[in-house]
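What follows is a single structure, written as structure tokens, with notes after it.
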Amino acid sequence: MRFNRVKQLWSEGKPAVGGFLSIPHCFSAEVMAHTGLDWLCLDMQHGCIDYADAVPMLTAISTTSVTPFVRVPWNEPSIIMKVLDAGAYGVIVPMVSNRAEAERAIAACRYPPAGMRSNGPNRALLYGGPDYQKHADRETVCAVMIETAEGIDKMEEIISTPGLDAVYIGPTDLALALGLPPVMDNDEPKHVATVNRILDSCRRHKVVAGIHTISSKFTQRYLDQGFRMVMLVPDRLAMSNYVKAEVGRLSGWTPLAPARTADRSGD
Ligand code: 3PY
Ligand code: MG
């Protein structure tokens, strides 16, 4: 079976930096796969990606050695199994709040007797190789997100769940759970302290700690702290940030004002 390069990096104690994809197209996925990132995650929770979009995107990524992940819309075994069958080498499961939910996510990623994954790795056989089922449990990453109030309270029982590979922090949901505004790259002391507590617990339980950012500044900070799964940039921001910055550099021309909808104040 094709090995999971991100798991290999982790086993050597190294970090893996990735990107998120929310644009439902194989070409944008392929473009992002040629940027030097270690992993790309198709975001089926908040991105515009459905299953019929995801399959050609996974095919596009597999023209490179980038490791393909999918964030599933919810902790639901059928979609977890289906994206693994399509060749995802890791899943990120959102809003996991307790041990039972973590166990449910892990079981969906593992074949019996370790879990309850059903057999039928149609595209995964092509991507992974004919011995896919034999090694899939070892190569497939199960990452759960801690980003709810209950998940924060129960981080120890989640992070210590047997079979868990990684915990991935969603900074904006985490902020909402802490009663803060949903800011991604977040310097609020309460947010920083909670992120640090999750990182510390991951270290103690030998689980990879991951987190989402939208800047190299925060990516570097988290890498320096010891996070080993850090998201640098989503496709839509890569596109809009670049074009806005280039637009801002021009003189002698007035950029079109962004379209606005009327707000309550009517201005
Ligand atoms: C969050 O910020 O809550 C996320 O899930 C990032 O995608
Ligand atoms: Mg979230």
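The values are calculated or read from the model by the stated rules, or taken from the named source; none is laboratory data. What you see is a predicted model, and the numbers here were worked out from it, not measured in a lab. Cβ coordinates were reconstructed from backbone atoms using ideal geometry, including for glycine residues, and neighbour counts include every protein chain displayed. The accessibility values were calculated without ligands, DNA or RNA, using every heavy atom of the protein model including side chains. Shrake-Rupley method; radii C 1.70, N 1.55, O 1.52, S 1.80 Å.
Points to keep in mind about this one:
- Cα centroid of the range 69-104 to Cα centroid of the range 189-205, whole Å: 23 Å
- Paramagnetic reach from L176 (point 7 Å along Cα→Cβ, amide N under 17 Å) across the range 26-51: 44-48
- Sorting 246-252, 209-215, 62-68 by average packing, meaning the other beta carbons within 10 Å per residue, from highest down gives 209-215, 62-68, 246-252.
- Each Cα pair under 8 Å and six or more residues apart adds its separation to the average, and for the chain the resulting relative contact order is 17 percent.
- Computed lengthening from H25 to F3, 0.36 nm per intervening residue step minus Cα-Cα distance: 5.4 nm
- Portion, in percent, of the accessible area of the range 1-144 that falls on carbon or sulfur, probe 1.4 Å: 60 percent
- Residues in the range 167-183 that a label on A114 would reach, taking backbone N under 17 Å of a point 7 Å out along Cα→Cβ: 167
- Calculated log₁₀ intensity ratio I(q)/I(0) where the Debye formula runs over C-alpha points of the chain, q = 0.14 Å⁻¹: -0.96
- For the chain, C26, C41, C48, C202 stand unpaired, since no other cysteine beta carbon lies under 4.7 Å from theirs.
- Working note: Debye formula, equal point scatterers on the alpha-carbon atoms of the range 103-259, no solvent; log10 I(q)/I(0) at q = 0.12, 0.14, 0.19, 0.21 Å⁻¹ is -0.68, -0.83, -1.14, -1.25.
- Label point 7 Å beyond Cα of R99 along Cβ direction - residues of the range 185-211 with amide nitrogen under 17 Å: 202, 205-206
- Averaged per residue, the range 77-228 has 40 square angstrom of accessible surface, using a 1.4 angstrom probe with ligands and nucleic acids left out.
- Over 29 Å (Cα to Cα) - which of K82/K244; K134/K217; K7/K244; K82/K134 fall in this group: K82/K244; K134/K217; K7/K244
- Shape of the range 28-99, Cα gyration tensor, a/c cut at 1.5: prolate
- Cα shape, the range 111-196, gyration tensor, a/c 1.5 rule: prolate
- Sites A257 and V192, calculated FRET efficiency, Cβ-Cβ separation with R0 30 Å, nearest 0.05: 0.25
- Whole-number D in µm²/s for the range 1-124 (Stokes-Einstein; Kirkwood sum over Cα pairs; 20 °C, 1.002 mPa s): 146 µm²/s
- A helix-only calculation puts the chain at -12500 deg cm²/dmol for mean residue ellipticity at 222 nm, using -39500 (n - 2.57) for each DSSP H run of at least four residues, averaged over all residues.
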